[in-house]
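Here is the structure we will look at, set down as structure tokens.
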Amino acid sequence: MNNFDYYNPTKVVFGKDTYERIASEIALHTKGKNVLITYGGGSIKSNGVYDKVMASLKEYNVLEFGGIEPNPQYETCMKAIKLIQENEIDFVLAVGGGSVIDGTKFIAAGATYAGDPWDVLMRKEGCAFTDSLPFGTVLTLPATGSEMNSGAVISRDELKEKRTMGGPQSFPKFSFLDPTVVATLPKRQIANGITDAFMHTLEQYLTYPTENKLQERIAEGILMTLIETAPKVMEDPSNYEHAANLMWCATMALNGTLRAGVAYDWATHMIGHELTALHGIDHARTLAIIAPRLYEVKFENKKEKLVQYGERVWGATDNKAQDAIVKTKLFFESLGIDTNISDYDTNNADTPKIIRQRFEERGWTALGERGDLTPKEAERIVEMAL
Ligand code: NZQ
Ligand code: ZN
């Protein structure tokens, strides 16, 4: 088992009818009364979440900042930072999916940063802020795990860039996870959520065998729960138990638990972010496009773990490693997810080359769990996915 630090200060309040506790949770982190709520394109206003959150905040002076886009944009976040600086905001409450929460992490940290916070994301290493305003979240889309981790991904469309940030100050102080929100999600977003959670687990599992038996079994437990729950929650998102299982899987898949003491990959995500930046493909869909090809290209590296995954998770009996790859792709497709780039954008001939060049320029020459995935291999993976 590898050495590890395990740190997660986010309090999770899980279940229905809990939002009246938001105000008391905020009060644990600030004596101030000025709260900024951040949200996206307005789904929270049509599905009742906004009204319930506002009812809890009646003792506070609430300012609103809406319009954080899917794949939150730097320019938009900078407007929120200005609002915070002009209004002496004490606490920020993100109400939405991964994009709103990620945007809020950038906003809360950026508001305390002297200089242009984009510079932090452009560093070659250590893209972490050192300070942040306190913030909490009300999650409306189970997918990214952003509600219980310190990472965020921010886009700049004019540069066709999508960059990550993190740091210990960027954990939410608390997150409210009410599975009833799943009932209002479009099927496309539920499919995305299942896929993202599945891939977060695979990124930290599908590497090479370890003696970290608990970690292996927790990952397999999440994968098997998602496989069992996926068709049920797609069929009936208003079923509380199915929604609750999806929501807790998604949080557990990326709250630091799975990474403790094991090797991790993350190359699918790094390549996938480029597909979002270049083609605007939904984050989860980029992963479903890239992962099966990456497993083919890095087959030798991963074959022992692929066998274990095929056997334990999919019940494969013959050709276990290959079968595991095929079953994974079919699983994503069963959710209605297309797994070729050309399904989304046919103007893609240069994409493999652009991604290789970007990785070379950034010095990303050694990705993956063994640090041996080269820009040339990234190019090949993308070519196979066209
Ligand atoms: O903007 P609104 O109106 O809220 O609509 C959103 C948006 O259009 C809608 N939605 C959310 N909750 C809803 C709802 N519609 C109806 N009912 C509800 N209850 O869903 C759409 C997509 O939302 P978004 O937040 O973009 O989706 P998701 O949660 O999948 O987040 C994706 C973003 O998270 C990043 C991705 O790169 C992407 O930018 N990620 C963040 C990670 C992290 N912080 O740890 C890790 C991930 O790997 C990922 O990279
Ligand atoms: Zn992801």
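The values are calculated or read from the model by the stated rules, or taken from the named source; none is laboratory data. The structure displayed is predicted, hence computed values, not measured ones. Please note: Cβ atoms are built from the backbone with ideal geometry, for glycine as well, and neighbour counts cover all protein chains shown. The accessibility values were calculated without ligands, DNA or RNA, using every heavy atom of the protein model including side chains. Shrake-Rupley method; radii C 1.70, N 1.55, O 1.52, S 1.80 Å.
With the requirement that a residue be open to solvent by less than 10 Å² (accessible area, probe 1.4 Å) and either within 11 Å of ligand 2 (Cβ to nearest atom) or assigned to a helix (DSSP H, G or I) (or both), what does the stretch 254-268 give you?
Ala267, Thr268
Considering only residues of the stretch 152-164 that are in contact with a Leu (Cβ under 8 Å, 6 or more places away or on another chain) and open to solvent by 10 Å² or more (accessible area, probe 1.4 Å), which is nearest to ligand 2 (Cβ to nearest atom)?
Here is the first cut: in the stretch 152-164, the ones in contact with a Leu (Cβ under 8 Å, 6 or more places away or on another chain) are 154, 160, 163-164.
In the following step, the residues that additionally are open to solvent by 10 Å² or more (accessible area, probe 1.4 Å) were identified as 160, 163-164.
Details: Lys160: 19, Arg163: 14, Thr164: 11 Å.
My answer is Thr164.
Give the stretch 189-224 a look and list any residue that's without any contact (Cβ under 8 Å) to a residue 60 or more places away in the chain, under 19 Å from Leu287 (Cα atoms) and away from ligand 1 (no atom under 11 Å from the Cβ), or say none.
Scanning the stretch 189-224 gives Thr201, Ala219, Ile222.
In the stretch 323-340, is there at least one residue being within 16 Å of ligand 1 (Cβ to nearest atom) and in a helix (DSSP H, G or I)?
Narrowing the stretch 323-340 to residues within 16 Å of ligand 1 (Cβ to nearest atom): 332, 335-337.
Adding the requirement that they be in a helix (DSSP H, G or I) leaves 332.
Among the residues of the stretch 323-340, at least one is within 16 Å of ligand 1 (Cβ to nearest atom) and in a helix (DSSP H, G or I), which makes the answer yes.
Can you list residue pairs whose Cβ atoms sit under 9 Å apart, with the first residue in the stretch 105-122 being more than 22 Å from Phe171 (Cβ to Cβ) and assigned by TED's automatic domain parsing to the domain that holds Ala80 and the second being buried (at least 23 other Cβ atoms within 10 Å of the Cβ) and not aliphatic (A, V, I, L, M)? Count only pairs 6 or more apart in sequence or on different chains.
Here the result reads Asp116/Gly110, each pair linking the stretch 105-122 to a residue that is buried (at least 23 other Cβ atoms within 10 Å of the Cβ) and not aliphatic (A, V, I, L, M).
Which residues, counting only those in the stretch 37-52, are out of contact with any helix residue (DSSP H, G or I) (no Cβ under 6 Å at 6 or more places or on another chain) and more than 8 Å from ligand 1 (Cβ to nearest atom)?
Ile37, Lys45, Gly48, Asp51
Give, as residue ranges, the strands (runs of 3 or more DSSP E) completely inside the stretch 123-188 that count at least 2 residues that are closer than 25 Å to Arg358 by Cβ. I'd like the intermediate steps shown before the answer.
Details: elements: 135-139, 152-156, 161-165, 174-177.
Passing ranges, in order: 152-156, 161-165.
Quick one: is Leu202 open to solvent by 10 Å² or more (accessible area, probe 1.4 Å), within 16 Å of ligand 2 (Cβ to nearest atom) and out of contact with any Ser or Thr (no Cβ under 7 Å at 6 or more places or on another chain)? Don't jump to the end; show me each part of the working.
Numbers: open to solvent by 10 Å² or more (accessible area, probe 1.4 Å): no; within 16 Å of ligand 2 (Cβ to nearest atom): yes; out of contact with any Ser or Thr (no Cβ under 7 Å at 6 or more places or on another chain): yes.
No, not satisfied.
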